[in-house]
Each structure stands twice: as structure tokens, then as C-alpha cells.
Amino acid sequence: MVTEEKKGVHWRVVPEQEALAQWDGWLKQFQDHHIRQSYRWGQHKKGAWRPVYTGLFNGPTPLALGLCLVRRAPVKAAAVVWINGGPVFQKAS
């Protein structure tokens, strides 16, 4: 899936195919990366949770990443979102 590249700083949900190809490489760029923010961890948690890969980007460059694990709550309009081991951020220099 080809997505139109946005310019400037923006937050977005990373599509599944793009996450498969790019997520762990992006994640390793962050000093505080954690296995529980990895693509494979999100796939491991599938079933009970729905992985949603999100990021704050400046153009194509990630500034922050967060693997959001989403679970529907018993109440119809509610959900629980868990960001275990993250999110990760670029450190200010």
C-alpha cells in the first residue's frame, strides 16, 4: 500500500503492511526502544488485543512511536488502550 507522504509534523496510524516492513527498523532508532513496542509483540498479542501502530512523524522521519493495544470494553462504546513499554520519543539534544 502506497501512502501519500505528508510534510511537516503529523500524527498518524501506520497501515499494517507499512508497519510490517518498517516498524522495527524505526523502533531501533530510539534509545528507549522496548520489545513490547515491537511489531512482533503486537502480532503476539493479537486475538485478545488489536494492535494499532501509531507515530508522530516529521515528513517520513519518526519522532515518536507507540504500539497501541486496543481491547473492546464490555460497554459498547468503550475500549481499553494499552501502550506497554512505550511510547518511545526522540530525546531533545
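Miscellaneous remarks
- For the chain, the solvent-accessible area of protein heavy atoms averages 67 Å² per residue (probe radius 1.4 Å; ligands and nucleic acids excluded).
- Fraction of antiparallel bridges per DSSP, the chain only, in percent to nearest 5: 95
- Rounded to the nearest 500, the 222 nm mean residue ellipticity of the chain from helices alone is -5500 deg cm²/dmol, with -39,500 (n - 2.57) taken per DSSP H run of at least 4 residues.
- Electrostatic dipole magnitude of the range 4-93 [Cβ: Lys, Arg +1; Asp, Glu -1; Cα centre; debye, to 20]: 400
- Volume per residue of the C-alpha convex hull in the range 41-85, rounded to whole Å³: 86
- Anisotropy class of the range 16-67 from Cα gyration tensor, a/c 1.5 cut: prolate
- Computed on the chain, with alpha-carbon pairs under 8 angstrom and 6+ residues apart, the relative contact order is 30 percent.
- Using the Cβ of Gly86 as centre and a radius below 11 Å, the other residues enclosed give a net charge of 0, where K and R count +1 and D and E count -1.
- Residue pairs exceeding 28 angstrom between C-alpha atoms, taken from Lys46/Lys76; Lys45/Lys76; Lys6/Lys76; Lys7/Lys91: Lys6/Lys76.
- Accessible area of the chain belonging to carbon and sulfur atoms, whole % at 1.4 Å probe: 57
- Listed peptides 39-51, 6-18 by packing density, highest first (mean Cβ within 10 Å): 39-51, 6-18
- Between the entries (1) 6.8; (2) 6.2; (3) 10.4, the label attached to mean projected area of the Cα convex hull in nm² calculated for this structure is (1).
The values are calculated or read from the model by the stated rules, or taken from the named source; none is laboratory data. What you see is a predicted model; the values in this text were computed from it and never measured. Methodologically, a virtual Cβ is constructed for each residue, glycine included, from the backbone with ideal geometry; neighbour enumeration extends over all protein chains shown. Just so you know, the surface numbers come from the protein's heavy atoms only, side chains and all, with ligands and any DNA or RNA stripped out. Shrake-Rupley method; radii C 1.70, N 1.55, O 1.52, S 1.80 Å.
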